[in-house]
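The values are calculated or read from the model by the stated rules, or taken from the named source; none is laboratory data. Predicted model only: the values in this text are computed from it and were never measured. Glycine gets a Cβ as well: all are built from the backbone with ideal geometry, and neighbour counts include every protein chain shown. When the accessible area is computed, the model is the full protein with side chains, heavy atoms only, and any ligands, DNA or RNA have been set aside. Shrake-Rupley method; radii C 1.70, N 1.55, O 1.52, S 1.80 Å.
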Amino acid sequence: MEKALFPPEVGFLSHHEFREIVTNGPYIKEMSFTFLELPKFKKTFDNLVTDIDRWAFFFDNAADLTPEQLKGVLKENSIFSQAYQGLVEASYTPDELQDYMRYDLREAEIKSVNFEARQEGLAEGLAKGRAEGLAKGRAEGEAEGRADEKRAIAVKLRKAGLDYDQIAAATGLTEDEIKSLKDS
């Protein structure tokens, strides 16, 4: 449609609602119309600012967009990407569409399998990491407990009057370690 629907003072994007003629009241608020008049849209690619601008440009020029312009219009917005993909799919022959859908389904299956494998790998890694962490923590705790026990025995032996060599022989602590216990 090359001719504008509304007069020039109405912009390329206009919103309309129902009004009761006598009272001019908007009693059917749930129903309104929005018109995008592409013949009135005059912005160039370099002047696109809002998503509305990009939509209007996209609708008006989708078939002729260069890859660079398409990237600029899409702006990493999935809605624009989906709309463009819809236009591409609409241009397919029935056989091409069936091939595309088979390919798309296969890609989805591969992603699903990869996701499941990744989840299984993460679960296995997490379980292994927990087991190793518990074993290491247990070993460190036991070693710390044995060291505490040796120090407690050394303190008792010192109080019983044994000399440093005897305590070192009984506990495996060095003389310096035993002296530091005496000071604490």
(message) So residue 69 passes all but one of these: (1) polar (S, T, N, Q); (2) without any contact (Cβ under 8 Å) to a residue 24 or more places away in the chain; (3) touching a Phe, Trp or Tyr at 6+ places or on another chain (Cβ under 9 Å). Which condition number does it fail?
(response) (2)
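To keep it simple, each residue is scored yes or no on (1) open to solvent by 60 Å² or more (accessible area, probe 1.4 Å); (2) modelled with pLDDT under 90.
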| position | (1), (2) |
| --- | --- |
| 81 | no, yes |
| 101 | yes, yes |
| 116 | yes, no |
| 140 | yes, no |
| 153 | yes, no |
| 158 | yes, yes |
| 166 | yes, no |
| 175 | yes, yes |
(request) List every residue pair whose Cβ atoms lie under 7 Å apart, where the two residues are 6 or more positions apart in sequence or sit on different chains, the first residue falls within the stretch 3-19 and is small (Gly, Ala, Ser), and the second residue, located anywhere, is in a loop (DSSP other than H, G, I, E, B) and surrounded by 10 or more Cβ atoms within 10 Å (Cβ to Cβ). (result) 4/37; 14/6
(request) Could you give me the residue pairs with C-beta distances under 6 Å whose first residue belongs to the stretch 40-59 and is over 20 Å from residue 87 (Cβ atoms), whose second residue is of a type in the set (A, V, I, L, M, F, W, C) and open to solvent by 30 Å² or more (accessible area, probe 1.4 Å) wherever it lies, and which are 6+ apart or on separate chains? (result) 40/4; 40/12
(request) Determine if the stretch 86-94 includes at least one residue that is over 23 Å from residue 35 (Cβ atoms), open to solvent by less than 70 Å² (accessible area, probe 1.4 Å) and part of a helix (DSSP H, G or I). (result) yes
